[in-house]
Amino acid sequence: MASMMQPQIILLKEGTDTSQGRAQVVSNINACTAVADTVRTTLGPRGMDKLIHDDKGGVTISNDGATIMRLLDIVHPAAKILVDIAKSQDSEVGDGTTTVVLLAAEFLKEAKPYVEDGVHPHSLIRSYRTAGIMAIQRVKELAVSIEGKSLEEKKSLLAKCAATTLSSKLIGGEKEFFASMVVDAVLAIGNDDRLSLIGIKKVPGGTMRDSFLVNGVAFKKTFSYAGFEQQPKKFLSPKILLLNIELELKSEKENAEIRLSDPLQYQSIVDAEWNIIYDKLDKCVKSGAKIVLSRLAIGDLATQYFADRDIFCAGRVTEEDLQRVAAATGGAVQTSVNNVIDEVLGSCEVFEEKQVGNERFNIFSGCPSGQTATIVLRGGADQFIEEAERSLHDAIMIVRRALKNSTIVPGGGAIDMEISKYLRQHARTIAGKSQFFVNSFAKALEVIPRQLCDNAGFDATDVLNKLRQKHASGEGANYGVDINTGGIADSFANFVWEPAVVKINAINAATEASCLILSVDETVKNPKSESAQGEAAAGAMAGRGGGAMRGRGGRGMRRR
């Protein structure tokens, strides 16, 4: 009786949505599986593309996992973790974004029956973490180093890594053409880590094969004034002056007031303004530069002045392009034209303005430091060129990683099957429930070859059985799915390679994400205090209305 009389304890605000326990873990797993099903079909060379239409009317066609995940606008809090790991994979290694989402979802899917049967999530997490560490260790053992090779051999190996990445993209049909272009671009920037030194410019029209690489800098012709067409459009070994100042007559920003006693003095003020701009232009000419680029405007007066003296100029050059010109030509951006010495001027072998499609490009080639490259992309539709740019970004990241970490593993699901076999064998040596969990982790890794088969229209069960048999024999560690025939093939011999860092990062991120989601057993969602906001708004309106009424009453009262 006494217990019935105890008052109810209210801990959370009324209307708070809270769900906890086993049902919450299962709900989170289901949400993550649903997200993975969206990108599942984009995996591999035969993967399909997704068309995403946003609320602003923009259309994106892509099969890049990170791009799709970012555009999906997911609201489920647990499923957002998959978006985060796709983004981190994209920024860290560039490729494998779909792989990491699929692996994480598959780990959770394999854990679901155990959670439903009452297994404590921390038993699963412990086993998953152990299996993840062992899997990464095994990848490192199986990785083959490309260190110590000659430049030509290394270029060939890197091109194969880039071709493997590009094979699953929209531009997969021209993967050899773009792979060699990407390798040349990455080798051009040397040891510099700044990805911005590789520029990608998009010009609609033509075919993919019309795309080309500039060993230097190329950018679209900027806005120009009259007199521009009289300037020379080609120079051999010119000196280049880079500025961050305006070269035009400007009205003063301050509201200055000048009082004149004699109207003739007005002319001297006008002359002073003209003298200032002419002084700047004279100093530019005396520096010996034949090309003048500025981040700010170069006016019509300056354009004509330079044209009369056979100097090329371009104003309003973007910050990124100006920095790339500085890096390539060895010049330095100046904020003043006073005391311009030879050391701050850049140089290149050839400068020319070329027509590309219906755009005109300023191209600097044969640059001394050579630490930059520009890829000019051509193609039919804008969406196609956008997707080609995303694909090349992935390939560039992969080649950079392969250069730095210089170890590669066979692709096509070969490495996944080998790790799966290794973990299954290890599971048999474990006593206790942990054996089931490690086995489940091993089974989840098979999702990659299975999905590659499904996306290509092959019988996944038949191919996986062949792969299991080949890997179990001990001599088929490099065997993966053969996309062309529907059977199995030596991925290493077929040059289906990927940097080991891609797989290591994917397994690591997927394991961490699945452990994080399994460890959440309660979600608390605070209600929006709509009623409180409504009352506050109503009170404010009443206050304003009352005040107004009182004011009118006061003014309209008759004095006594």
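The values are calculated or read from the model by the stated rules, or taken from the named source; none is laboratory data. Here the structure is a predicted model, which is why all the values come from computation and not from measurement. Here the Cβ positions follow ideal geometry from the backbone for every residue, glycine too, while neighbour counts run over all protein chains shown. Ligands, DNA and RNA are stripped out before the accessible areas are found, and what is left, the full protein with its side chains, is counted by its heavy atoms. Shrake-Rupley method; radii C 1.70, N 1.55, O 1.52, S 1.80 Å.
Details
- Condition check for G315: touching a Ser or Thr at 6+ places or on another chain (Cβ under 9 Å) and modelled with pLDDT of 80 or more: yes
- Within region 495-522, the set of residues being closer than 20 Å to V26 by Cβ, at pLDDT below 90 and open to solvent by 40 Å² or more (accessible area, probe 1.4 Å) comprises S519, V520, D521, E522.
- Across region 391-413, the number of residues qualifying as more than 12 Å from P499 (Cα to Cα), in contact with a Ser or Thr (Cβ under 6 Å, 6 or more places away or on another chain) and open to solvent by 10 Å² or more (accessible area, probe 1.4 Å) comes to 1.
- Residues of region 48-80 that turn out to be assigned to a loop (DSSP other than H, G, I, E, B) and either of a type outside the set (G, A, S) or under 20 Å from the mean Cα position of the chain (by Cα) (or both), as a count: 14
- Among the residues making up region 472-505, those that are under 18 Å from R138 (Cα atoms) and of a type in the set (D, E, K, R) are E475, E498, K503.
- Unique match (being assigned to a helix (DSSP H, G or I), of a type in the set (A, V, I, L, M), open to solvent by less than 30 Å² (accessible area, probe 1.4 Å) and at negative phi) among V203, V183: V183
- If you filter region 149-172 down to residues that are among the small types (G, A, S) and touching a residue at least 24 places away in the same chain (Cβ under 8 Å), you find that the one that is nearest to L452 (Cα to Cα) is S168.
- In the set (1) in contact with a helix residue (DSSP H, G or I) (Cβ under 7 Å, 6 or more places away or on another chain); (2) open to solvent by less than 60 Å² (accessible area, probe 1.4 Å), the condition left unmet by V119 is number (1).
- Of residues in region 322-355 being under 26 Å from the mean Cα position of the chain (by Cα) and over 20 Å from T303 (Cα atoms), the one most open to solvent (accessible area, probe 1.4 Å): Q323
- Residue among E229, E257 that alone is open to solvent by 60 Å² or more (accessible area, probe 1.4 Å) and either more than 27 Å from R316 (Cβ to Cβ) or in a strand (DSSP E or B) (or both): E257
- Odd one out for G216 among (1) open to solvent by less than 10 Å² (accessible area, probe 1.4 Å); (2) out of contact with any strand residue (DSSP E or B) (no Cβ under 9 Å at 6 or more places or on another chain); (3) of a type outside the set (D, E); (4) closer than 11 Å to Q371 by Cα: (2)
- Residues of region 205-235 satisfying the condition of being more than 18 Å from S294 (Cα to Cα) and among the basic types (K, R): R209, K234
- Selection status of L243, of a type in the set (A, V, I, L, M), under 20 Å from I363 (Cα atoms), open to solvent by 80 Å² or more (accessible area, probe 1.4 Å) and more than 26 Å from the chain's Cα centre (by Cα): no
- Selection within region 130-161 - within 19 Å of F495 (Cβ to Cβ), of a type in the set (G, A, S) and in a helix (DSSP H, G or I): S156, A159
- Residues of region 31-57 satisfying the condition of being of a type in the set (S, T, N, Q), more than 16 Å from S391 (Cβ to Cβ) and either buried (at least 20 other Cβ atoms within 10 Å of the Cβ) or free of Cβ contacts under 8 Å to residues at least 40 places away in the same chain (or both): T38
- Residue that is of a type in the set (A, V, I, L, M), closer than 18 Å to I507 by Cβ and modelled with pLDDT of 80 or more, where the choices are A131, A163, A79: A131
- As for region 107-121, it holds at least one residue that is more than 30 Å from A395 (Cα to Cα) and among the hydroxyl-bearing types (S, T, Y).
- Flag if D300 is among the charged types (D, E, K, R) and over 47 Å from the mean Cα position of the chain (by Cα): no
- Conditions (1) closer than 28 Å to F212 by Cβ; (2) out of contact with any Phe, Trp or Tyr (no Cβ under 8 Å at 6 or more places or on another chain); number of the one not met by F361: (2)
- Residue check for R295: out of contact with any His (no Cβ under 8 Å at 6 or more places or on another chain), within 24 Å of I276 (Cβ to Cβ), surrounded by fewer than 22 Cβ atoms within 10 Å (Cβ to Cβ) and not aliphatic (A, V, I, L, M): yes
- Members of region 336-390 found to be in a helix (DSSP H, G or I), within 21 Å of S287 (Cβ to Cβ) and of a type outside the set (D, E, K, R), listed by number: V344
- Candidates Q383, Q371 - the one that is in contact with a strand residue (DSSP E or B) (Cβ under 6 Å, 6 or more places away or on another chain), touching a residue at least 60 places away in the same chain (Cβ under 8 Å) and either open to solvent by 10 Å² or more (accessible area, probe 1.4 Å) or not polar (S, T, N, Q) (or both): Q383
- Out of V270, V285, sole residue that is of a type in the set (A, V, I, L, M, F, W, C), farther than 16 Å from R316 by Cβ, free of Cβ contacts under 8 Å to residues at least 12 places away in the same chain and in a helix (DSSP H, G or I): V270
- Top-ranked residue of region 423-441 - restricted to ones that are in contact (Cβ under 8 Å) with a residue 40 or more places away in the chain and out of contact with any Phe, Trp or Tyr (no Cβ under 8 Å at 6 or more places or on another chain), ranked as most open to solvent (accessible area, probe 1.4 Å): K433
- Filter result for I146 (open to solvent by less than 60 Å² (accessible area, probe 1.4 Å), modelled with pLDDT under 80 and over 22 Å from the mean Cα position of the chain (by Cα)): yes
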